């Protein structure tokens, strides 16, 4: 019996097909006229099984990438297409609005999806802007986004660490900070959103100044995401390429005694030097945040509401409703 037949029989054994098909192969294995028909059948089963696996992985990743959004826009807007290869390392190419991943189909689907998700994110996430983000920071963001895509495949996380290898140790501390930011929903809505605007610099070469700015901005968002209720931080980031103020609506006692005027005055004072104002709130303070947005809309006409997202997030260890809104200043006279 040829090695091709043996290989295809083994493939058939591993597939969820009726036992009688295998029996036919065994009974007629040496009958030449039937062998060609059986080979065709086996190849067809193998082909359709690979199609099925590709469709399953694509569907799983598409479902998860729709969750990674801000203002109804996914941070992974590129469609995924999988092409199977027999050997070699996985790779991917960006072709128009699609990422094509060339990967091996392993027996363990968790291993396969880990390789596919890794290659997909490396091309689909911030395709024009990623070169301007500090290298270890971008790799850490990639890691957290990939984990989000494969979160339902527990063993895939283990395989992912194998793919990253020693590199994962060098980014573990930064990745832990990105994970904290992601728990609050700020990774997609604030960090990636701001880094996406760096595509306007393309095709200029990245500079150390730009990359340092991306790191410093991440540190500010992390401080805000992890600060205690009593802690005060400077919410302004007046960078050359990233110009942001993080307006956290909190401290109910402050709201009760001073109302929303301090927030409105803060934005009015800084509107000429800051481009983007993020209004942030959680739990019972969301109502005050919405009221603030409405007041700002009326009092400052050159503030555009880019998006307002309400979602559930982990805020100070408690899962609750959270709000993140982006207001952008036009700077027009």
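The values are calculated or read from the model by the stated rules, or taken from the named source; none is laboratory data. Given the structure is predicted, the values throughout are model-derived calculations rather than measurements. FYI the Cβ positions are ideal-geometry reconstructions off the backbone, even for glycines, and counts take in every protein chain you see.
Data overview
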{"item": "Residue count for the range 268-315, restricted to those that are under 16 Å from residue 330 (Cα atoms) and in a strand (DSSP E or B)", "result": "8"}
{"item": "Of residues in the range 316-333 being closer than 16 Å to residue 270 by Cα and assigned to a loop (DSSP other than H, G, I, E, B), the one farthest from the chain's Cα centre (by Cα)", "result": "333"}
{"item": "Scan of the range 199-216 for residues that are surrounded by fewer than 22 Cβ atoms within 10 Å (Cβ to Cβ) and either assigned to a helix (DSSP H, G or I) or on the phi > 0 side of the Ramachandran plot (or both), ordered by number", "result": "199, 200, 201, 208, 209, 210, 211, 212, 213, 215, 216"}
{"item": "Residues that are within 16 Å of residue 137 (Cβ to Cβ) and in contact (Cβ under 8 Å) with a residue 60 or more places away in the chain, drawn from the range 200-212", "result": "206, 210, 211, 212"}
{"item": "Only one of 197, 232, 216 that is free of Cβ contacts under 8 Å to residues at least 12 places away in the same chain and either in contact with a helix residue (DSSP H, G or I) (Cβ under 6 Å, 6 or more places away or on another chain) or closer than 22 Å to residue 271 by Cα (or both)", "result": "232"}
{"item": "Which listed residue, of 86, 123, is farther than 30 Å from residue 306 by Cβ and either outside any loop (DSSP other than H, G, I, E, B) or modelled with pLDDT under 95 (or both)", "result": "86"}
{"item": "Residue list for the range 289-324, restricted to those being surrounded by 19 or more Cβ atoms within 10 Å (Cβ to Cβ) and within 12 Å of residue 248 (Cβ to Cβ)", "result": "289, 292, 322, 323, 324"}
{"item": "All positions within the range 78-110 that are closer than 14 Å to residue 60 by Cα and over 19 Å from the mean Cα position of the chain (by Cα)", "result": "109"}
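Every residue, every condition in (1) surrounded by 19 or more Cβ atoms within 10 Å (Cβ to Cβ); (2) farther than 15 Å from residue 53 by Cα, yes or no:
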{"position": "77", "(1), (2)": "no, yes"}
{"position": "84", "(1), (2)": "no, no"}
{"position": "93", "(1), (2)": "no, yes"}
{"position": "104", "(1), (2)": "no, no"}
{"position": "117", "(1), (2)": "yes, no"}
{"position": "121", "(1), (2)": "yes, yes"}
{"position": "134", "(1), (2)": "yes, yes"}
{"position": "160", "(1), (2)": "yes, yes"}
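Listed here are the residues, each with its yes/no results for (1) in contact with a helix residue (DSSP H, G or I) (Cβ under 9 Å, 6 or more places away or on another chain); (2) outside the structural domain of residue 56 (by TED's automatic domain parsing); (3) surrounded by 17 or more Cβ atoms within 10 Å (Cβ to Cβ).
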| residue | (1), (2), (3) |
| --- | --- |
| 145 | yes, no, yes |
| 149 | yes, no, yes |
| 157 | yes, no, no |
| 169 | no, no, no |
